[in-house]
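Q: Below you'll find the structure I mean.
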Amino acid sequence: MDIKAAAVDLLTGIWRMIPAEYKSRYRMSIWQQFEDRVRSAAYTNSLGKFVNSLCSSLQAAPGANAEERVKLEAILNSGHDRELLKLLREQTTLIVLMVRVANQERRDAFLASMEEQDDENLGV
């Protein structure tokens with residue numbers, strides 16, 4: 001298991017389920033808040049406790065869809081709690097940056113597909 005990729009997938013699944021109102025309310029500091037709360041929540045010995053603590057503090061429910069929930073469940077049941085939590089404590093900034101990049105790529109792809117649809121609808 002690629003521990004870094006698993007950490008990014010885990011945090012992405014949580015990030016995507018933070019309510020839009022919450023993100024909007026704290027839009028100037030949301031990424032710093034996310035990073036700080038990830039680091040703080042990672043000081044536990046259980047990945048389940050980490051997820052529960054992080055989700056509670058961000059008003060999030062992990063997993064935006066069934067596919068993501070399956071992926072998150074696999075990470076939570078992987079038996080790599082110690083390695084993941086250590087990585088999340090020691091390399092929080094890097095992992096959160098990777099989540100931000102993945103989030104921006106997903107947003108860009110969505111916007112590009114919307115532009116394509118608009119062009120098709122206009123007959124361009």
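Computed from the coordinates by the stated procedures, all read-outs in this text should not be read as laboratory data. A quick note: this is a predicted structure, and the numbers were derived from the prediction, not measured. No Cβ is skipped: glycine too gets one built from the backbone with ideal geometry, and neighbour counts run over all protein chains shown.
Q: Pairs to check: LYS23/LYS71; LYS4/LYS71; LYS49/LYS86. Give those whose C-alpha atoms are more than 20 Å from each other in this structure.
A: Values: LYS23/LYS71 24 Å; LYS4/LYS71 14 Å; LYS49/LYS86 14 Å.
Those over the limit are LYS23/LYS71.
Q: If you line up the Cα atoms of the chain on their principal axes, what length do they span on each, largest first, in Å?
A: 57, 32, 23 Å, listed from the longest principal axis down.
Q: Given +1 on the Cβ of Lys and Arg, -1 on the Cβ of Asp and Glu, and no further charges, what dipole in debye does segment 3-122 carry about its Cα centre, rounded to the nearest 20? Write out the running numbers ahead of the final one.
A: On the way: 16 positive and 17 negative charges, 174 e Å.
Here the size comes out at about 840 debye.
Q: When only C-alpha pairs under 8 Å and at least 6 residues apart count, what is the relative contact order of segment 3-122, in percent?
A: For segment 3-122, the relative contact order is 39 percent.
Q: Determine, from the Cβ-Cβ distance of ARG100 and SER46 and an R0 of 22 Å, the FRET efficiency 1/(1 + (r/R0)^6), rounded to the nearest 0.05.
A: 0.25
Q: Run a plain Debye calculation on segment 51-124 (Cα atoms as equal point scatterers, no solvent) and give log10 I(q)/I(0) at q = 0.11, 0.12, 0.15 Å⁻¹, rounded to two decimals, same order as the q list.
A: Result of the Debye calculation: -0.45, -0.52, -0.73.
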